[in-house]
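S.K.: Just dropping this structure here.
The values are calculated or read from the model by the stated rules, or taken from the named source; none is laboratory data. Please read these numbers as outputs of a predicted model, since none were measured by experiment. Neighbour counts are summed over all protein chains in view; Cβ atoms, including those assigned to glycine, are modelled from backbone coordinates with ideal geometry. Accessible surface areas use protein heavy atoms only, side chains included; no ligands, DNA or RNA. Shrake-Rupley method; radii C 1.70, N 1.55, O 1.52, S 1.80 Å.
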Amino acid sequence: MSVGVAVLDDDHRKLIDMFNGLLKTGIAEKDRESLSGLLGGLNDYTKVHFAREEDLMERQGYPNLEQHRAAHRYFIDEVQKLCQDNDDSNEMMLRIDLILLLKEWLIEHIQNVDAQYTPFMADTAH
Ligand SMILES: [Fe+2]
């Protein structure tokens, strides 16, 4: 799974590692803290990555930038909503929602939406 830019591939790998970390946290009370930490980390790193990706798309004159930005914003909003609900929502529901969002959105986004900018990135230094 490569988008043709090493620094963005590294980001994607890191996000997927974070997702796998989430999958591995247990459901016991003691895991709640690590789940919050993982969520916070994922939230922060996603923003860093999206900013980097949008900046590169802009510099390369990618024509679908605004549409892509909107997709990023949607994802950030969804993760944020789940993070806010973390304190009072049912632990299993949070976990299921997160796994579905990450699996269906993040993985699908990288494979299908990010892949669309690959031809425009041909001349970046990477
Ligand atoms: Fe993207």
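S.K.: Counting pairs of alpha carbon atoms under 8 Å apart in space and at least six apart in sequence, what relative contact order in percent does the chain give? Walk me through the intermediate numbers first.
M.R.: Numbers: 74 pairs, mean separation 53.2, N = 126.
RCO, the chain: 42 percent.
S.K.: Mark the label point 7 Å from the Cα of A115 along Cα→Cβ and return the residues of the range 45-82 whose backbone N is within less than 19 Å of it.
M.R.: Only 63-65, 68-69, 71-72 pass the distance filter.
S.K.: Right, something else. Can you give the local net charge around Q116? Use residues other than it whose beta-carbon is closer than 13 angstrom to its beta-carbon, Lys and Arg +1, Asp and Glu -1. Could the numbers behind the result be given before it?
M.R.: Details: positive: none; negative: E53, E108, D114.
Spelling it out: positives minus negatives among the neighbours equals -3.
S.K.: Which residues does the label zone of N20 cover in the range 30-45, counting backbone N under 19 Å from a point 7 Å along Cα→Cβ?
M.R.: So the set is 35, 38-39, 41-43, 45.
S.K.: Pairs to check: K24/K47; K24/K81; K81/K103. Give those whose C-alpha atoms are more than 19 Å from each other in this structure.
M.R.: Working: K24/K47 23 Å; K24/K81 22 Å; K81/K103 17 Å.
K24/K47; K24/K81, as the Cα separations exceed 19 Å there.
S.K.: Here's something else I'd like to know. Select from M18, M92, M57 the residue whose mean-square fluctuation is largest in a Gaussian network model of the chain (Cα-Cα springs shorter than 10 Å).
M.R.: The residue with the greatest mean-square fluctuation here is M92.
S.K.: Comparing L106, L94, L42, which has the greatest mean-square fluctuation in the GNM of the chain with Cα pairs linked when under 10 Å apart?
M.R.: In this elastic network of the chain, the residue with the biggest mean-square fluctuation among L106, L94, L42 is L94.
S.K.: Suppose every Lys and Arg Cβ carries +1 and every Asp and Glu Cβ carries -1, with no other charges. What dipole size does the chain come out with about its Cα centre, to the nearest 20 debye? Each step should come with its number before you reach the end.
M.R.: Numbers: 13 positive and 24 negative charges, 38 e Å.
Charge dipole, the chain, about its Cα centre: 180 debye, nearest 20.
S.K.: Another question about this same structure. Given N residues in the chain, what is its alpha carbon radius of gyration divided by 2.2 N^0.38 Å?
M.R.: On the way: Rg = 15.5 Å, N = 126, 2.2 N^0.38 = 13.8 Å.
Relative to the 2.2 N^0.38 Å estimate, the chain comes out at 1.12.
S.K.: For the residue pair M92 and V7, what label-to-label distance in nm results when each label sits 7 Å from Cα along the Cα-to-beta-carbon direction?
M.R.: Taking the simple label geometry, M92 and V7 are separated by 4.4 nm.
S.K.: Take D123 and V48, extend 7 Å from each Cα along the Cα→Cβ direction, and tell me the distance between the two endpoints in nm.
M.R.: In this crude label model, D123 to V48 measures out at 3.1 nm.
S.K.: Taking springs between alpha-carbon atoms closer than 10 angstrom, which of K103, K47, K81 fluctuates most in the Gaussian network model of the chain?
M.R.: Highest fluctuation of the listed residues: K81.
S.K.: Using a 1.4 Å probe over the heavy atoms of the protein chains, calculate the carbon and sulfur portion of the accessible area of the chain as a whole percent. Please report the intermediate quantities before stating the final value.
M.R.: On the way: 3720 of 7030 Å².
C and S fraction of accessible area: 53 percent.
S.K.: So what is the accessible area of the chain per residue, in Å², with the probe set to 1.4 Å?
M.R.: That works out to 56 Å² for each residue.
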